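What follows is a single structure, written as structure tokens, with notes after it.
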Amino acid sequence: MDFVTFVLQFLLAFGLSFQLPVIMYAFSQSGMTDAKFWRKNIRYAIIVIIIFGALVTPDGSGVTMWFIAGPMIGLYLAGMILVERKEKQTVKT
């Protein structure tokens, strides 16, 4: 794999992964899911995120896989907290 392809693939993967909280919020606001869904399925989400990190990275060491998977897990948690806070605000009003 040449360097330019690697860099573009890595940038695309990071760019898409940082949209995770926005996608979670959009699904929750449209009524397709709720905060309980995100909390209940966190184990499956972490497995999918780790597999995604492994598919996107070119080497087999696992270190670069965590460069993708680590921030995505954090973003999943941030999106989950965002959805829970928004639902609590909606219930109060």
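Bear in mind that the values in this text are calculations on the coordinates, not laboratory data. As the structure is a prediction and not an experimental result, all values here were calculated from the model.
Under 1.5 on a/c is rounded, so check that first for segment 5-53, then, if it is not, pick prolate when a/b is larger than b/c and oblate when it is not; a ≥ b ≥ c are the square roots of the alpha carbon gyration tensor eigenvalues.
Oblate, because a/c is 1.5 or more while a/b does not exceed b/c.
Find how much the distance from residue 19 to residue 43 grows on full extension, using 0.36 nm per residue of separation minus their present alpha carbon separation; answer in nm with one decimal.
6.7 nm
Could you state the angle between the C-alpha long axis of helix 42-56 and the longest principal axis of the C-alpha atoms of the chain, as a value from 0 to 90 degrees rounded to the nearest 10?
Approximately 20 degrees, to the nearest 10.
For segment 75-93 and segment 1-31, write down the distance between their C-alpha centroids in whole Å.
21 Å
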